Structures are given as structure tokens and as C-alpha cells.
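Laboratory data are not the source of any read-out in this text; all were calculated from the coordinates shown. Since this is a predicted model, take the numbers as computed values, not measurements. Backbone-built Cβ (ideal geometry, glycine too); neighbour counts: all protein chains shown.
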Amino acid sequence: MIISSVVLGRIVTRPITNLTTTMTRIQRNGNFEKLPVASNSHDELTEMGNTFNEMMDLLEENYSKQEEFVSNASHELKTPLTVIGSYAKLLQRQGMHDKKIAEESLVAIRAETDRMKVLIEQLLHIARRSESQMEWITVNVVDILAQTVTAMNTSYDREFELITAEQSLPVVTDVSKFKQLLYILLDNARKYSANKIEVIAQKNGDTVIQIRDTGIGIPKDAVPFVFERFYRVDKARNRETGGFGLGLSLAKQLADSLKVEISLESIEQLGTTVTITFSENSNVADVHLKQEG
């Protein structure tokens with residue numbers, strides 16, 4: 001009878017001992033671990049083990065999201081800081097003696113500061129798991145492209161060329177998010193191409209924008225996966241350029257929020273073309289809702 005009681009006691013206390021041991025191990029090494037749980041049992045101890053494992057899943061997911069947020073923030077903040085730094089250097093070198101350069105630099109620095117402020121607010125929204133508010137307005141996309149190309153030319157001392165036969169291409173968009181999308185794509189093209197980068201805007205029923213480089217390109221079998229988060233075509237290549245495998249996945253998220261289509265074509269050693277398509281009436285419903293509200 002005594003032996004039976006001891007055995008029964010060990011059977012009852014073993015899951016609790018396992019739980020305590022696992023929690024102590026997690027606390028010491030920082031790794032996420034789960035308890036072994038019998039799938040064919042439905043008693044209170046099994047339920048406790050399942051609850052613990054679900055809690056571990058949630059903690060691991062939240063930890064991954066936190067790491068993802070930090071990577072996103074560093075990736076997104078790098079470009080406006082580069083633009084601000086480049087114009088500040090230009091202002092320091094020539095702006096004191098050239099009023100036109102001084103005015104251009106101050107306008108660009110102010111614009112990038114405002115953009116970075118909005119970006120930080122949006123990242124904080126993401127951190128709080130709340131969707132940032134979209135500000136739909138009608139703009140001339142040619143003007144937005146011209147501003148962005150000028151900023152990239154100055155910041156990186158590279159040739160970014162805007163090619164269009166149109167004086168005006170009106171679209172409904174969120175300007176801040178659209179600029180964010182353009183900077184990601186242009187920065188990506190810059191990293192993997194040493195030659196001129198073309199930005200082509202045209203009206204063909206839909207409004208179509210293409211960012212075209214003549215760089216190293218992407219292998220055919222990798223093209224379907226380039227918009228996936230953390231996907232890297234070549235890890236060594238990303239180490240050289242400082243890439244996180246985040247740029248194009250962030251671009252895809254922004255394109256989805258802006259209700260535009262984004263696609264990519266690439267041939268190794270010949271270059272890459274990314275296409276942004278504003279379909280007619282793609283976000284009219286959202287604008288109407290905003291106006292009516």
C-alpha cells in the first residue's frame with residue numbers, strides 16, 4: 001500500500017516537476033521549450049501542460065515580432081537619415097555661398113525630417129499592433145517621382161533618371177507611404193547596380209511606374225520568392241550590401257496597403273525591373289468612405 005502511494009505520488013507530481021524544471025531552464029538559457037504532453041489524455045495535468053505550451057508559442061511569436069519590428073525600423077530609417085546627412089554635407093560645402101543650393105538642401109532636409117516623423121509614428125503604430133491611418137489624396141505622381149529621384153541623386157551621387165512623356169499623372173494615394181515604397185525600391189536597385197537607374201512613368205489605361213536597373217539581376221528560380229520576408233537571394237551578397245532580406249517584403253506590404261500591384265522581372269547579369277501599377281478605380285471606395293466620414 002505504501003509502495004503504491006509512493007508510485008502514485010510520483011506519477012501525479014512528475015508533470016509539476018517537469019514544469020518547474022523546464023521553467024528554470026528557460027530562465028537560465030533564454031530558449032523557448034515545451035513540455036512533453038500525452039495526446040491521448042485529457043486530465044487536469046495534461047491541460048496544464050497544453051496551456052503552458054500554448055503560452056510558450058505566444059511568447060516565441062511575440063519575441064519574433066519584436067525582432068522583426070527592430071529590423072524593420074532600422075531598415076526604414078536608414079534612407080531618410082542618409083538623405084538628410086547628404087544634404088547637410090552639401091549645405092556645409094557649398095550652401096553658404098550658393099543660395100539655390102542652400103534652399104534646395106533645406107527643403108529636402110525638412111521634407112525628409114517630416115517623412116521620418118511620419119515613419120516613426122507608423123512604426124509605433126505597428127509596435128502597438130494598430131494599423132496606421134491612410135491619408136488618401138489625389139496627387140500628380142510625376143511630381144512625387146521627380147522629388148524622389150532628385151533626392152536619391154544627391155544622396156548617393158548616382159544617376160537616377162526620370163523618363164516620362166507625361167506632364168501630369170494623377171493618382172489617389174497616401175503620399176508618405178508611396179514615397180516610402182519608392183525609396184525602398186530605388187535603394188534596392190542602387191545596391192545591386194553600378195550603372196544608371198531609370199524610373200519610367202507612363203499611362204496605358206492604368207498608370208504604370210517602372211524602376212529599371214542593369215545590375216547583377218536575380219536568378220530565375222529565386223524571383224517567385226523575393227517578396228517573402230527575410231528571403232535572401234544570396235546571403236553573401238546581402239552581407240556585402242548590408243541587406244536584411246526585408247526591403248522587398250516591406251515594399252510588398254506597402255503596395256498592398258496602397259492598393260497598387262507590384263511585380264518584378266529579372267535576368268541574371270542583365271538587370272531587374274520592378275513595376276508598380278495604379279489600376280483605375282482601385283481605391284475609390286476608400287476615398288469615398290473617408291470623404292463621407
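Data for the structure
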| read-out | value |
| --- | --- |
| Under the Karplus curve 6.51 cos²θ - 1.76 cosθ + 1.60, θ = phi - 60°, whole-Hz ³J(HN,Hα) for the stretch 105-114, x wherever Gly or Pro sits | 5, 5, 5, 5, 4, 5, 5, 5, 5, 5 |
| Across LYS89/LYS179; LYS196/LYS252; LYS78/LYS191; LYS78/LYS117; LYS117/LYS196; LYS196/LYS259, pairs whose alpha-carbon gap is larger than 20 Å | LYS89/LYS179; LYS196/LYS252; LYS117/LYS196; LYS196/LYS259 |
| Largest-first ellipsoid semi-axes for the stretch 48-101, taking √(5λ) over the Cα gyration tensor eigenvalues, angstrom | 50, 5, 5 |
| Paramagnetic label zone (point 7 Å from Cα along Cα-to-C-beta, GLU135; backbone N under 17 Å) in the stretch 91-114 | 108-114 |
| Length released on extending from LYS100 to ASN195, taking residue separation times 0.36 nm less the Cα-Cα span | 31.4 nm |
| Added length on full extension, which subtracts the Cα-Cα distance from 0.36 nm per residue, ASN62 to ASP157 | 30.2 nm |
| Efficiency of FRET from Cβ geometry, SER263 and THR113, R₀ 30 Å, rounded to 0.05 | 0.40 |
| Using a Förster distance of 22 Å, the FRET efficiency for SER71-ASN31 (Cβ separation, nearest 0.05) | 0.60 |
